[in-house]
Each structure stands twice: as C-alpha cells, then as structure tokens.
Amino acid sequence: MIPEFEANPQMIPISLPHFPTRMQAVIWRNYGLVPTERIAAVLGATARQIEEVADHMGLKVPQEVDGQWLARGYITIIRANWHLLTYEQLLVLLDWTEEKLEFTLKEDDFLWVKLGNLKPCVTPLRYKPLSAKEKKLTLEWKQRVSEAFDPIQKQLDSTFQEKPFDFLERFKQPDLPRISPRRGPLASEARLDVPWTIQTFQDENKGEGNLNDYARRFADKHAKLWGVEWSVAASSDYDRTPASPDLFNALASSSSYIDKPILRFKVDSGSQLAKESHTITVSAEEIVIQASDEEGILRGLQWVEQTMKKSELPYLEKGQYERTNKFDLRYIYSYSAVYGDPLLETELDPYPDEQLERLSEVGVNGIWMQSVLYQLVPWHAAPELSVNWEQRIEGLRKLVKKASKYGIRVYLYFNEPRSMPLSYFKDKPDWKGQEEEGYAALCTSVPEVQSILSESVSALFREVPGLGGIFAITMSENLTNCYSRAPGGKTNCPRCSKRSPSAVIAEVVNLVADAVAKEAPAARVLCYTWAWTGSLGWDDNEILSAIKQLPSNVTILSVSEDEKETNIGNTPGKVIDYSISVVGPSEKTARIWQMAKDNGLKTAAKVQFNNSWELSAVPYLPVFQLIEEHLQRLNASGVSGLMLSWTLGGYPSLT
C-alpha cells in the first residue's frame, strides 16, 4: 500500500458489542452482497461453515446475491468492512488488485477522506466454531432479529418490493400508452393526427448530423402516442444557408416533395438566435422549425411533443412561437453512474440511452463525469499510469457520439495535474512542488510540467472530436497545483512560494484553455472557483487578480450560495455549498460574477436543483417554490450556464 493509506497501528477499530463475535459481524454485513464462497475465503472457512453460522443468526440459507453490489455498490462493502478486515482480506472480498484499491481510495470522489483519512489496524479474522457462550448469545441475537423484522417482512411479502438496483431500469419503460383525444380539432388548429412527412436535409460536408435521429425518434413516439405513422425523408435540395422567399415553393416542385403536410427543419448558422433558441411556425399544411443549430431543432420537436401530451390533443394552434434560451449550458451528473472508472468498465454504462433521452426532455444539454488525465491519454512522464488509455478514450468517444443524438454534450471534471507519490520524484527532483502526506504536486511553475499538461489536454481533445469541454477545479481535496491545498495560502514549494496563488492558478487555467482552444475552439472551459476562500489565501483582491489573467474563452463557475449567511433557530452561520433551503446567489458569488463580467468573461452557477446533502436519501426534494425563486434570481444575475448537480441530484423529477 502507498504509505498514506497504510493501516495505523495506533488506531483501534470501532468495537461492535452488539454482535456475538466479530466473525459474525463480517458474515452479517456481507450477506446478500458478496457470494458465500468469497466470504468463506476471507475467513478461511468452507461455504457450508459460513451458511451454518448465517442460519444460526436468522439469515436465509442459501443467500441470494445481487452481483451489482460488487460492481456498483463496492463503496458500501468497503465501508461495512473498514473496521473489520485487513487490506489483504478486503482485496479477497472484492476480488481486486492492490492497485485498484489504491486508485479507488485516492480518486473515487475522495473516498479516503470520507473514511476518515485513516485505516484502523485490525487483526486478521479467521473462522472458528462458536463456543457454548457464543452460541447462547447467537440464539438471543436471532430472537431479537426475529421480533424486530419478522412483522415487517410479512408486510413486505404482501406488497411490491423494489430491489436495491431496480432504479437502474427505471427509464426502460414499456411502450407509451396511447392517448385518446378528448375532442376534435378546431378551425384554428393544425391537425397532427394525420400522416405528415418530416423533411430533414443533408449537408454535403457534414452529412445528416443528428437531425435524422431527432426526426425518427419523434416519429416513433408520435406513432405510439397518437396511432398515426409519420414518414421521414431527407432532402438534398435543402441547405443551411438563409432561405430565399421562394425556397419552399421550389421544394414543393422538386422531386423530393411528398404530397403530405410537411414538418420542415431550417438550420441557419448565420441566424442571430441564441444556441438552442428556435422559432416554430404552424399552419394547416406546414410546420417549420427554424434554429441556428441542430440542438434548436431538437428543442422545437420536444416542444411540439410536450405541448400535445400536456393538452392530450394531437393539435397545435396555428401561428408562430418563439422560444428563447435563458441558460445556454445546463449540465448534470448521472444518478446511476459509478464514479471510479466507468469508461473502462463499459458494462457499467453511466448514461444509458433511456436516461439520456429523459434528461434531454427535461432540458438538460450537458452531462459530466470524473476524469483523470493520465488515464485518458499517454502520460509520457509515467507511462505505467496510462495502461488501457486506448479503451477509455474509445469509451469516451462512444459516449460523446451517443449523447449527441439527444442534444447533449459531455463535459469532464478536470482536477489536474494529479499529485504523485514521493518515490516518483527520485529522478525528477526539480518537478517536486508542494509536499504533504507522502505525496507531492507536479509543480506547474516548471516548464516541463507545463508542457506535459498542455500536450496532454491537446491530445485529449484531438482524440475525442465533439467533446463538450471541461470544468476545472483548481483548489480541492486533491493535491494538484502547489496552492491547491496550501493552508492560509502558504505553500512549501520553493518556486511557487515566490508567486501568488492567483498567478499560479491563472497560469494553470490558461495552459488548459489554450490547449482546448487549439484543438476544439467550440469546446467550453469553465474555471470553478470552489474553495477560493480566505482559509486558503483568497480574498477579493486575489480573486480579481486571477480573473484578470484568464483568457476570454473561460467561463467563471461559482457555487451560487457560497458563504451566504444564515440564521436558523437564532444560530448564525454560513453555507458553503450543496444547499437547496438557502437560496442563492450569495453576496460573495455575486461579486465574483461581476468581476468576471467586468473583464469580459461569461459566468455560470453551480447549484443543486433536485436534492442535496441536506436530505440526499430521496430521489428529489419537492420544494419547487425554492427552485423557482433561485432560477429567477440566477436569470436576473445574468449567468449563462448552470451546473445542476454534483454527484447527487441527477434523477429527473416528476416535473
């Protein structure tokens, strides 16, 4: 184990006096999560011996194990056994390598921090037959379990029981129910319960893009909802340039014209419309959806579908509808993703099609996922860290392509460059920066480190065309640059200690932003100001200094409610983040956004709009009035984007 993660011999594990023996605690806590044979291997027993103990404790024999626990619920298993098993036994229980466990503790959303920054020193547990006293205590245990849980189990047996991972299938719904119109059409309405043709077009240079997917998906759902088949036809006569007044007449007389009412797409890249904004013109024989980009066409189709579903009528009022985008970026995390290494383990698909479609329907246009740069591109300074980068990058390409079919772009959480163990710097002493707890930063004031960072970011965006962008955290639980975890803004790096935090941070962001712009000018770079706080050496002057040094293609992302003062039950306090009950933006965040605007930078708000750590055990919190108030304030503030959640809160609510 890396020295930082080694068990602390002075740290005594938590006692578990409610179990007759600690061996039984292992069996109880892993039953139903881990196969019996694996538990037996950990304890040096046979499967029959484990089942005998389980039966005496009141557990069902044989057990039913859901394999999803080891694949997706491994953090629950690690936590349950942290004070019971040695590292060696944990590896057997999980069937992991030491390297995988080290990576998980370090990179799986700061799991080591959540485990208390410590591993208690425990004696290896081994199976042994129960003594007479232990058997008596076990019988008493079984009776208590029966008294507490048997009545509950009887109630559950007579009702539907949702299994722990059933939520993964939540969006794989059966066929949509047919809607019966509650009345006939009015003279002022266009009928969509008759066959229409959706006419897409093909760009000679780019092909059809995603328009054909949008059209066919709309037609399929329309047939299921209203029982009428629509056709989809491509027209090579149609282009992306502004239409002439005679365009539609020309189309009508062309060979591609079909004698049905037509829904046409018009993508005008020269339009003044904002991204995704669109105009829908409805007449009896024609509907035209006009937008400046393909995503605007999708939003128009979704509006048509949702308008009919809401009214329960397959008709649209004739006229023109203009729909304007208020926030051009709205990105969120998957409610079902495994945080660790989902691009390598493709069976753990973090964003299945059904979830992407549902997110798109509720207005999401971006998704994010954790990334470690040296796992996605060859890291020439330590190639052993980049094993399997080809598979990961291919997984990312596939995700980018799949998400685009729903008008969604992929953004990577960027926390770079990652620190290295002190042993890494034996032959690179000049690269070592801030040092702490057996690790040191790759000092970003060193030209060689700057080159590695810049070249790696360029390679990433070159390898994955269409990648939406990144949001970069520069101050974090992770040690990255030399100021990322420096208490009071004081680093022990001999180079960075002579520079200000703002100079170092701005330099890192510039390196990343320039590399992104070089390969993908349309991709977005968001500089996340999380932890730009006084305790780490940041005041308003330091924040302004950093912002002034950032390039124009950077968006400033800030927690909306950051440091907002509260007074709950006559107890004064301040919110850091993850709050729904305290509605932002705070004064501090408003100041940061104003600094950004004064220096020509876009702004975005990090919020929690479904649930928060205030009550994270439910899919969403039905406090719509607070969300509406927050949205109104954010709209008035002028922010251009929303990060809708951290790793919790990604479940689409009923609205």
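The values are calculated or read from the model by the stated rules, or taken from the named source; none is laboratory data. Everything numeric here is computed off the predicted structure, so don't read it as measured data. Note that we place each Cβ from the backbone using ideal geometry, even for glycine, and neighbour counts take in every protein chain shown.
One line per residue, one yes/no per condition, for (1) touching a Leu at 6+ places or on another chain (Cβ under 9 Å); (2) among the small types (Gly, Ala, Ser); (3) assigned to a helix (DSSP H, G or I):
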| site | (1), (2), (3) |
| --- | --- |
| SER269 | no, yes, no |
| THR281 | no, no, no |
| ILE287 | yes, no, no |
| ARG299 | no, no, yes |
| TYR321 | no, no, no |
| LYS326 | yes, no, no |
| TYR331 | yes, no, no |
| LEU343 | yes, no, no |
| PRO350 | yes, no, no |
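Does LEU91 satisfy being over 30 Å from GLU140 (Cβ atoms), assigned to a helix (DSSP H, G or I) and without any contact (Cβ under 8 Å) to a residue 40 or more places away in the chain?
On the way: over 30 Å from GLU140 (Cβ atoms): yes; assigned to a helix (DSSP H, G or I): yes; without any contact (Cβ under 8 Å) to a residue 40 or more places away in the chain: yes.
So LEU91 passes the test.
For ASN635, state whether it is touching a residue at least 12 places away in the same chain (Cβ under 8 Å), assigned by TED's automatic domain parsing to the domain that holds VAL575 and part of a helix (DSSP H, G or I).
Criteria met by ASN635.
Once the range 320-344 is narrowed to residues that are crowded, with 16+ Cβ neighbours inside 10 Å and among the acidic types (Asp, Glu), the residue that is modelled with the highest pLDDT is ASP328. Residues being within 30 Å of ASN210 (Cβ to Cβ) and either surrounded by 20 or more Cβ atoms within 10 Å (Cβ to Cβ) or free of Cβ contacts under 8 Å to residues at least 40 places away in the same chain (or both) are entirely absent from the range 496-507.
Sort out which residues of the range 42-64 are within 23 Å of ALA148 (Cα to Cα) and either without any contact (Cβ under 8 Å) to a residue 12 or more places away in the chain or in contact with a Leu (Cβ under 7 Å, 6 or more places away or on another chain) (or both), and write them in order of number. Across the range 42-64, the qualifying residues are GLU52, ASP55, LYS60, VAL61.
Matching residues to (1) under 30 Å from PHE167 (Cα atoms); (2) over 23 Å from the mean Cα position of the chain (by Cα):
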residue: ALA523; (1), (2): no, no
residue: ALA546; (1), (2): no, yes
residue: ASP562; (1), (2): no, no
residue: GLY573; (1), (2): no, yes
residue: ALA590; (1), (2): no, yes
residue: PRO622; (1), (2): yes, no
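Within the range 127-138, the set of residues being among the charged types (D, E, K, R) and more than 15 Å from ARG48 (Cα to Cα) comprises LYS133, GLU134, LYS135, LYS136. One residue alone among SER419, SER423, SER404 is over 15 Å from the mean Cα position of the chain (by Cα), polar (S, T, N, Q) and farther than 28 Å from TRP368 by Cβ, and that residue is SER423.
Does VAL583 fit the bill of being out of contact with any Ser or Thr (no Cβ under 6 Å at 6 or more places or on another chain), surrounded by fewer than 18 Cβ atoms within 10 Å (Cβ to Cβ) and of a type in the set (Val, Ile, Thr)? When the stated conditions are applied, VAL583 does not pass them. Across the range 382-405, the qualifying residues are those that are farther than 18 Å from ALA520 by Cα and of a type in the set (A, V, I, L, M, F, W, C), and the one among them that is modelled with the highest pLDDT is TRP389. Can you name the residue in the range 553-572 that is assigned to a strand (DSSP E or B) and of a type outside the set (A, V, I, L, M, F, W, C) and, of all such residues, is nearest to LEU329 (Cα to Cα)? Selected residue: THR555. Of the helices (runs of 4 or more DSSP H) lying entirely inside the range 26-86, not one is found with 3 or more residues being farther than 27 Å from LYS136 by Cα, among the charged types (D, E, K, R) and modelled with pLDDT under 95. For the range 124-165, the set of residues classified as touching a residue at least 12 places away in the same chain (Cβ under 8 Å) and hydroxyl-bearing (Ser, Thr, Tyr) consists of TYR127, THR138, SER146, listed by residue number.
Of all residues in the range 437-454, those that are at negative phi and surrounded by fewer than 16 Cβ atoms within 10 Å (Cβ to Cβ) total 3. If you go through the range 128-145 and pick out every residue that is assigned to a helix (DSSP H, G or I) and surrounded by 10 or more Cβ atoms within 10 Å (Cβ to Cβ), you end up with 12. Within the bounds of the range 533-552, is there any residue that is surrounded by 22 or more Cβ atoms within 10 Å (Cβ to Cβ), of a type in the set (Phe, Trp, Tyr) and touching a residue at least 24 places away in the same chain (Cβ under 8 Å)? The answer is no, given that none of the residues of the range 533-552 is surrounded by 22 or more Cβ atoms within 10 Å (Cβ to Cβ), of a type in the set (Phe, Trp, Tyr) and touching a residue at least 24 places away in the same chain (Cβ under 8 Å). I want to confirm something. Restricting to the range 566-587 and keeping residues that are free of Cβ contacts under 8 Å to residues at least 12 places away in the same chain and not basic (Lys, Arg), which single residue is nearest to LYS518 (Cα to Cα)? Looking at residues that are free of Cβ contacts under 8 Å to residues at least 12 places away in the same chain and not basic (Lys, Arg), I get GLY573.
Do we have TYR413 as farther than 30 Å from LYS221 by Cα, among the hydroxyl-bearing types (Ser, Thr, Tyr) and part of a helix (DSSP H, G or I) here? Break it down stepwise before answering.
Working: farther than 30 Å from LYS221 by Cα: yes; among the hydroxyl-bearing types (Ser, Thr, Tyr): yes; part of a helix (DSSP H, G or I): no.
The answer is no for TYR413.
When restricted to residues that are farther than 22 Å from ILE14 by Cα and either touching a His at 6+ places or on another chain (Cβ under 8 Å) or not β-branched (Val, Ile, Thr) (or both), the range 102-118 contains 6.
In the range 533-544, which residue that is closer than 17 Å to ASN481 by Cα and in a helix (DSSP H, G or I) is farthest from the chain's Cα centre (by Cα)? Walk me through it before giving the result.
Looking only at the range 533-544, we keep the residues that are closer than 17 Å to ASN481 by Cα, and these are 533, 535-538, 542-543.
Going one step further and asking which of them are in a helix (DSSP H, G or I), we end up with 535-536, 542-543.
Numbers: SER535: 28, LEU536: 27, GLU542: 30, ILE543: 27 Å.
Within the range 533-544, the match that is farthest from the chain's Cα centre (by Cα) is GLU542.
Per the conditions (1) surrounded by 23 or more Cβ atoms within 10 Å (Cβ to Cβ); (2) out of contact with any strand residue (DSSP E or B) (no Cβ under 7 Å at 6 or more places or on another chain); (3) within 26 Å of ILE592 (Cβ to Cβ), the sole criterion not satisfied by ALA515 is (1).
Can you tell me which of GLY363, GLY296 is touching a Lys or Arg at 6+ places or on another chain (Cβ under 9 Å) and surrounded by fewer than 19 Cβ atoms within 10 Å (Cβ to Cβ)? The unique qualifying residue is GLY363.
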